[in-house]
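Asker: Provided herewith is a single structure, encoded as structure tokens, for subsequent inquiry.
The values are calculated or read from the model by the stated rules, or taken from the named source; none is laboratory data. Nothing here was measured: the structure is a model prediction, and the numbers come from that model. With ideal geometry, Cβ positions are generated from the backbone for all residues, glycine too; neighbour counts draw on all protein chains shown.
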Amino acid sequence: MTANATPMPLPLAGRRALITGSAAGIGFAIGRALAELGAAVVINARHRAGLVQAIERLRRAVPGLDVDAVQADLGTPEGANHLAQSVGEVDILVNNLGIFEQKPFAQITDDDWRRLFEINVMSGVRMARALLPGMVVRGWGRVVFISSESGVSPPPDMVHYGVTKAAQISLARGLAETCADTGVTVNSVLPGPTLTEGAAEYFEDAARRQQITVDESQTRVLCRGATDVPDSPLHRTGGGGGAGGSCVQPAERSDPRRSPARRWRRGAQHGVKRIHKE
């Protein structure tokens, strides 16, 4: 390129993107990737401290970054309304927020079902309902739901999580049909196990408490599921938290090179770390 050459514009220059549940994990990685492509990014989380740290990390990673942040709990109608009103018009909506927990089916209460539906499903419903019509009017938009492979293969110890992820897939498909020939697309993405920051912290803590290695902690959760999982960072990873894959045979009888823990790490190396470029 000569000294007088005009730089090529970034593919998303001039576009505004909102990523829910994006102070860490998959949501943060998506925000960073979109910012690197030139989008003006709005990140979201429940807690202010996490947002401040996320903005600092993004600005270090992407010089000249155009980033905004809105604190809102999207598990409530009030929080979703606040976020929608705060961001105004957006061109790209990534419904990334999601939580999960491991519980035997018989122990999943009505309140558990309602909580997961409010956060995993209704947050996306409310944000799409508020922001999608504007995209249609302007003739361009992208809506993405971060679902999970659990939506098509529900883990036996997280049935309610799998059901909410299946609902996201159906929701995205239904909205895509309503947006035909409008210039707006709606899709769902189905990640598998992903080693986010919250997941890593949880496994390290579990390993210390049980006096086992981190690898053993990962394998126990991935293969057999933990019925006594405490309120941990895994429960609010910001989406795609990582328990999408289940073990088809006990780890001790399987090839260790194909163990769930190994697949988890490889997924992180080839997925999230590739996005983070760190």
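Asker: For the range 1-92, list the helices (runs of 4 or more DSSP H) that sit wholly inside it and hold at least 1 residues that are of a type in the set (Val, Ile, Thr) and crowded, with 21+ Cβ neighbours inside 10 Å; which are they?
Answerer: By residue number, 25-36.
Asker: Also, quick follow-up: Please go through (1) part of a helix (DSSP H, G or I); (2) under 22 Å from Gly21 (Cα atoms); (3) in the same structural domain as Gly75 (by TED's automatic domain parsing) for Val143 and return the number of the only condition it doesn't satisfy.
Answerer: Result: Val143 passes all but (1).
Asker: Take the residues in the range 193-208 that are among the charged types (D, E, K, R) and at pLDDT 75 or above, then tell me which one is surrounded by the most Cβ atoms within 10 Å (Cβ to Cβ). Even if it seems obvious, please write down each step before you answer.
Answerer: Here is the first cut: in the range 193-208, the residues among the charged types (D, E, K, R) are 197, 201, 204-205, 208.
Cutting the leftovers down to at pLDDT 75 or above gives us 204-205, 208.
Working: Glu204: 12, Asp205: 15, Arg208: 11.
Filtering the range 193-208 for residues that are among the charged types (D, E, K, R) and at pLDDT 75 or above, the one surrounded by the most Cβ atoms within 10 Å (Cβ to Cβ) comes out as Asp205.
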